[in-house]
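The next block holds one structure in the form of structure tokens; read it before the comments.
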Amino acid sequence: MRENNAVLKAHYSDAADVPEALRNRILGEIEVIGIFRAFNDAPKMVEISLKADRLLNGGVSHLVFRHNEFTFGLPHFIYAYYRQPGELQKTVECIEKGFPPSVFDGCGTGCGELARAEYALETGDAENAGLFARKAIFKGKTLFQIGIIICANFTMMRLHLLQGNFAAAKELLAKTRDELLLNPQYEITPQNSVIYNLTMDMCEGYV
């Protein structure tokens with residue numbers, strides 16, 4: 001894929017017969033693909049997303065849609081991006097400043113608050129874990145971000161477990177699954193998405 005992207009980029013960068021707006025659109029979408037190629041490297045993903053944003057001139061990608069699975073089915077968001085010991089805070093700050101890419105048209109809304117909630121929980125800050133998890137849920141619901149909502153609720157479940165409230169964790173697990181299954185406003189739910197269904201199963205397995 002890396003070689004194919006390089007070939008496409010070289011071809012359209014030099015294509016004099018392609019109108020500039022269309023050429024920039026194509027080059028911008030190539031950069032969007034590059035965001036996923038750099039998955040797991042938050043700074044690199046942010047760097048590429050800024051390139052895509054410049055080329056798309058404030059527009060949104062035709063490859064990524066608002067209802068896409070921004071969290072890649074993981075119930076613990078920052079788990080996917082924490083790569084080096086001692087750099088958890090740096091990673092979270094990168095996510096807060098650069099995620100989600102503006103070209104994603106709202107896909108991933110609430111992920112900055114989610115990252116902060118998970119960081120707080122991992123570092124023993126129960127008060128902020130709950131505060132930012134609720135903020136992530138609120139923001140995620142504004143654009144029906146199922147992955148963000150599941151992850152934030154999972155943070156709350158883990159917080160309940162940490163506090164010794166097993167019944168509350170189980171109740172929230174059931175409430176999360178029921179809410180996402182029954183809400184007709186969500187285009188993709190655990191009921192019709194293998195990815196989200198598996199995400200909920202992982203939450204249940206953990207609890």
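Condition check: open to solvent by less than 50 Å² (accessible area, probe 1.4 Å) and in a helix (DSSP H, G or I). Does residue 136 satisfy that? Outline the logic, then answer.
Details: open to solvent by less than 50 Å² (accessible area, probe 1.4 Å): yes; in a helix (DSSP H, G or I): yes.
So residue 136 passes the test.
Here is a check on your reading of the model: is residue 184 surrounded by 15 or more Cβ atoms within 10 Å (Cβ to Cβ), outside any helix (DSSP H, G or I) and not basic (Lys, Arg)?
Numbers: surrounded by 15 or more Cβ atoms within 10 Å (Cβ to Cβ): no; outside any helix (DSSP H, G or I): yes; not basic (Lys, Arg): yes.
No.
Tell me the helices (runs of 4 or more DSSP H) entirely within the range 1-104 that contain at least 1 residues that are surrounded by 15 or more Cβ atoms within 10 Å (Cβ to Cβ) and in contact with a Ser or Thr (Cβ under 8 Å, 6 or more places away or on another chain).
Details: elements: 2-13, 20-37, 42-56, 88-98.
Hits in the range 1-104: 20-37, 42-56, 88-98.
Condition test on residue 152, is it aliphatic (A, V, I, L, M) and touching a Leu at 6+ places or on another chain (Cβ under 8 Å)?
Values: aliphatic (A, V, I, L, M): yes; touching a Leu at 6+ places or on another chain (Cβ under 8 Å): yes.
When the stated conditions are applied, residue 152 passes them.
Just to be sure, is residue 167 crowded, with 21+ Cβ neighbours inside 10 Å and assigned to a helix (DSSP H, G or I)?
On the way: crowded, with 21+ Cβ neighbours inside 10 Å: no; assigned to a helix (DSSP H, G or I): yes.
So residue 167 does not fit the description; no.
Looking at residue 118, is it in contact (Cβ under 8 Å) with a residue 12 or more places away in the chain, surrounded by 22 or more Cβ atoms within 10 Å (Cβ to Cβ) and of a type in the set (Asp, Glu)? Write out each step before concluding.
Values: in contact (Cβ under 8 Å) with a residue 12 or more places away in the chain: yes; surrounded by 22 or more Cβ atoms within 10 Å (Cβ to Cβ): yes; of a type in the set (Asp, Glu): yes.
Taking the combined requirement at face value, the residue satisfies it.
Condition test on residue 143, is it at pLDDT below 95, surrounded by 21 or more Cβ atoms within 10 Å (Cβ to Cβ) and either over 19 Å from the mean Cα position of the chain (by Cα) or more than 24 Å from residue 122 (Cβ to Cβ) (or both)?
Working: at pLDDT below 95: yes; surrounded by 21 or more Cβ atoms within 10 Å (Cβ to Cβ): no; either over 19 Å from the mean Cα position of the chain (by Cα) or more than 24 Å from residue 122 (Cβ to Cβ) (or both): yes.
For residue 143, the condition - at pLDDT below 95, surrounded by 21 or more Cβ atoms within 10 Å (Cβ to Cβ) and either over 19 Å from the mean Cα position of the chain (by Cα) or more than 24 Å from residue 122 (Cβ to Cβ) (or both) - is not met.
The values are calculated or read from the model by the stated rules, or taken from the named source; none is laboratory data. Being a predicted model, the structure only gives us computed values, none of them experimental. Cβ sites come from the backbone with ideal geometry, for glycine too, and all protein chains shown count toward neighbours. To get the accessible areas, we keep the full protein, side chains included, count just its heavy atoms, and leave off ligands, DNA and RNA. Shrake-Rupley method; radii C 1.70, N 1.55, O 1.52, S 1.80 Å.
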